[in-house]
Every structure is written in structure tokens, then in C-alpha cells.
1. Size of the dipole of segment B:117-183 about the Cα centre, Lys and Arg at +1 and Asp and Glu at -1 on the beta carbon, nothing else charged, in debye to 20?
2. Roughly what percent of Cα-Cα pairs across segment B:3-94 reach past 15 Å?
3. To make sure I understand, if each residue's beta carbon is the centre and we count other beta carbons within 10 Å, what order do A:Tyr20, A:Tyr174, B:Tyr58 fall in, fewest to most?
4. Take the Cα of B:Asp154, step 7 Å along the line toward its Cβ, and report every residue of segment A:13-27 whose backbone nitrogen sits under 13 Å from that point.
5. Using the 10 angstrom Cβ neighbour count as an exposure proxy, how do A:Thr138, B:Thr166 rank, fewest first?
6. Any idea how far the Cα center of segment B:116-178 sits from the one of segment A:143-193, in Å?
7. Could you give the length gained by full extension between B:Arg12 and B:Ser48, i.e. 0.36 nm per residue of separation minus their alpha carbon distance, to one decimal place?
8. For B:Glu123 and B:Ser180, calculate 0.36 nm times their separation in residues minus their Cα-Cα distance, and state this gained length in nm to one decimal.
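Please treat every number below as a calculation from the coordinates, not as lab data. Treat the numbers as computed from the prediction; the structure is a model and nothing was measured. Backbone-built Cβ (ideal geometry, glycine too); neighbour counts: all protein chains shown.
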Amino acid sequence: MSDSPVTPEETDPIDPAAEYVLGVLEGEARDRAAEKAVEDPAFRARIEAWQGRLAPLLEDVAPVNPPPRAWRRIARSLTPAAAQVAVKPKLLDRVEVWRWATAGLAAATAVLCVLVLRTTPAAPLASPSAAGGSVLATALTAPGGRVLFVAVMDPLRDGVTVIPVHTVTGAGRYPELWIIPAGGLPKPVGMIKAASPLRVSSRALSIAEERTVLAISLEPPGGSPTGAPTGPVIASGSLARS
Amino acid sequence: MDPVAQEEELRRALARVARGDAPALKAVYDRTSAKLFGICLRILGERSEAEDVLQEVYLSVWRSSARFDAARGSPIAWLAAIAHHRSIDRLRTRGARKSEPVDAALGVVDGALSALAGLEAAERAKRLNHCVGELDTLQQDAIRSAFLDGFTYDQLALRAGVPLGTMKSWIRRSLAKLKSCMDR
């Protein structure tokens with residue numbers, strides 16, 4: 001190093017974009033670069049340029065077949081995404097879908113079938129048989145067995161579409177959706193307007209899996225003031241693959 | 001199939017993925033997952049973590065593949081860069097380096113892209129190899145270890161038995177030389 005003549009590029013301060021792509025940064029330095037990549041388009045462009053320069057080094061890495069379960073996991077997480085992409089805008093206009101439903105679990109199942117069937121032509125892989133996945137959903141029933149809402153999870157577990165089957169009224173109280181992990185306390189997901197299908201997004205939904213319970217309680221406008229249900233639980237259901 | 005046709009097919013599949021076509025994602029996966037899994041495994045050295053990251057990579061492609069700019073370059077190089085980036089992220093979050101050696105390749109699916117494909121990619125690879133070859137041996141090794149094994153500055157310095165400042169200056173000079181050589 002000392003015996004080579006100093007050239008201008010050696011004295012230039014190095015662009016952190018280069019170090020970021022090479023991977024040598026850690027801790028705060030890497031975090032800073034990651035933030036800058038989001039905020040600064042010029043920095044991002046330099047990152048992309050460096051990725052282009054260094055990518056050929058990856059030629060040397062030997063390919064290794066991932067196990068078959070790797071694709072199954074991916075397919076499970078994205079199957080309903082095809083459904084969502086294709087159907088979401090229409091779903092919200094489709095108020096009549098939930099009006100068709102009358103009462104009982106059969107009706108709720110019918111709603112789900114309509115949703116799934118409507119989805120299929122636009123997104124062939126959305127059918128459970130094609131990709132080994134299915135929609136995580138539940139009918140939320142009142143203690144007497146009457147279906148009040150149908151809830152369909154978004155595939156990435158960051159949102160849920162709630163379709164009211166019956167209008168719920170309570171004196172100055174409104175339905176609030178909760179998620180209850182096995183052995184855990186209810187976490188608030190969001191308020192539900194009684195009149196139309198509604199997508200509620202919440203990080204709380206990331207814990208959703210089969211058999212996780214969704215419940216609805218009646219709460220003051222704006223939701224439970226305590227973070228735990230304060231009003232009566234009017235409906236609940238356990239998520240299942242449909 | 002020749003690499004150029006393979007790359008073209010991959011571009012078309014990615015365009016379909018961007019329109020929400022899930023079977024197209026499977027087509028992309030079939031052609032690229034062995035290469036990407038190899039990269040994740042090389043950096044992370046641990047199968048279950050490599051599988052996690054592989055899943056992240058394809059889900060990120062599923063959600064944002066519209067961002068693949070077909071004019072910008074080779075799609076497999078783009079995917080490889082995502083796999084590399086996410087593996088390093090995972091490694092840094094974990095805070096420790098892999099401990100186990102990685103198994104050798106276990107046979108690859110037919111039709112999989114093992115090279116980064118495409119004439120332009122081949123040209124770039126040739127160029128990079130030439131430019132890396134112009135560095136001193138120790139610096140070549142540091143650049144490769146950083147990029148392919150996920151070593152930090154500290155780890156590289158320890159491994160080469162040089163002070164941290166020396167390693168930083170080797171890497172920074174090497175990057176500057178690579179840039180000027182490759183952009184020439």
C-alpha cells in the first residue's frame with residue numbers, strides 16, 4: 001500500500017453507500033445508512049449503482065436447493081394476496097354481499113364462498129388446491145349462535161376485512177374488534193362501523209394464526225379507554241382456514 | 001436454454017408478478033431460489049435462518065416487484081442483491097457471525113439460473129474480476145470476505161491481524177479503486 005503512488009481516488013472520502021452495500025457497516029453506522037437510503041433518493045441511486053458493481057461477486061456462490069417446505073411457506077403467506085390484489089377495490093363496493101346473508105353460520109359461509117368465488121377468475125392461484133394455502137377467516141357469533149360479523153384476514157396479517165351480517169346497536173356504544181392470542185389478553189384491533197364492510201389494519205393482527213380468537217365488544221366512541229374490553233362481548237369466533 | 005433467453009423469461013415472469021400473478025412468482029422462484037438460497041446460506045451459515053430470509057426475499061418481491069426496473073439490468077442480479085442485503089441485515093441483527101461451515105451445493109434443479117445470466121451481466125462480471133484482480137491480494141481477500149461472508153470491519157481486521165484503522169483504509173481504497181476501474 002505504501003509503495004503504490006497515491007492517486008486522487010484514494011484520497012477521496014469513501015461513499016458510505018459503498019460500505020453499506022459491501023456489508024462492512026454495523027450498529028449505528030448501518031442503521032444510519034439504512035435510514036438515509038429511505039430518505040435520500042440520490043443515496044439510494046448510489047446504493048443501486050454499487051449493487052450493480054458488486055453483484056458479479058455473487059457469481060462465485062454455489063447454488064443450493066432450498067427444501068420444498070421453503071416454497072410452501074411462501075405460498076401460504078401470499079396465496080390470499082392474489083385474492084386481495086384482485087378483489088379488494090370491488091369488495092368495498094360490494095355492500096350487497098353482506099346483505100345477502102340472513103342469519104346463521106350457513107349464511108356466513110355463503111359470504112365467504114362469494115368472496116372466494118369472486119376472486120378466483122382474476123387470480124387462479126387463489127384457490128386453496130392450487131397453492132396449498134387458504135383464507136384465514138371466522139364467523140363472529142353471538143353467545144346464542146347468531147352470526148353478527150364475518151372477518152377475513154389479509155394475507156400479510158396486517159389487516160382484516162370485517163363484514164357485518166347484522167346491524168349491531170348499543171346505547172352510545174360501538175363495536176370494537178379484539179384479537180385474543182392463546183393464553184393471552186385481548187389486544188385492541190380497531191373500531192367497526194356497523195353499516196359496511198370495513199378493512200381494519202393493526203399490527204396486533206400479526207399474531208393471528210389458526211385458532212386465534214377474534215372478539216367484538218361494545219365500547220364508547222373512539223374505543224375502550226382502558227385498552228381492555230369494558231363493554232359486553234357481543235360476538236366471538238376462532239380463526240380457521242376456509 | 002441459453003442465458004439470454006432465460007433472462008428474458010425471468011423478466012417476463014417478474015412483469016407478471018408485478019401485476020399480482022402468483023403463478024408467475026412460482027416461476028421466478030423455480031428459476032432463482034437455488035441461487036438465492038445459496039447466497040443466504042453462504043452469509044448466514046444456518047439453514048433455518050437462510051430459509052427465513054429466502055421467504056422474506058420472495059415476499060418482498062411479491063409486494064414490490066413493480067420496482068424492478070427492466071432497463072436497469074439483470075433481474076437475477078437484482079434478486080441476488082436483495083438476498084445479499086437481507087442476509088446481511090439478518091446477520092447484523094443477530095449480532096454474531098455464523099459458526100458452522102456451509103454444506104456444498106446439493107444438486108440444483110434443472111433450468112435454474114446458477115449464473116447471473118445475460119450478456120451484459122457476463123460483461124460486468126468480467127470487468128469486476130479484472131478490477132478486483134488489480135487490487136493487492138490481501139485487499140482482494142478482504143473485499144470478497146466482506147461481501148460473501150458478511151464480515152464487519154472489526155472481524156476483517158481481526159482475521160487479517162491488522163489494526164482496525166488499517167483494514168478500514170484497505171477497504172475504502174479498494175472500493176475507490178474498484179469504482180474508478182469499473183466506471184472507466
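1. Working: 10 positive and 8 negative charges, 30 e Å.
Using Cβ point charges on Lys, Arg, Asp and Glu, segment B:117-183 gives about 140 debye.
2. Values: 2308 of 4186 pairs.
The calculated P(r) of segment B:3-94 puts 55 percent of pairs beyond 15 Å.
3. Values: A:Tyr20 24, A:Tyr174 20, B:Tyr58 28.
Ordered by Cβ neighbours within 10 Å, fewest first: A:Tyr174, A:Tyr20, B:Tyr58.
4. So the set is A:25-27.
5. If I rank by nearby Cβ atoms, fewest first, I get B:Thr166, A:Thr138.
6. Using only Cα atoms to place each centre, the spacing works out to 54 Å.
7. Working: separation 36, 0.36 × 36 = 12.96 nm, distance 3.06 nm.
Result: 9.9 nm gained on full extension.
8. Value of the extension gain: 18.9 nm.
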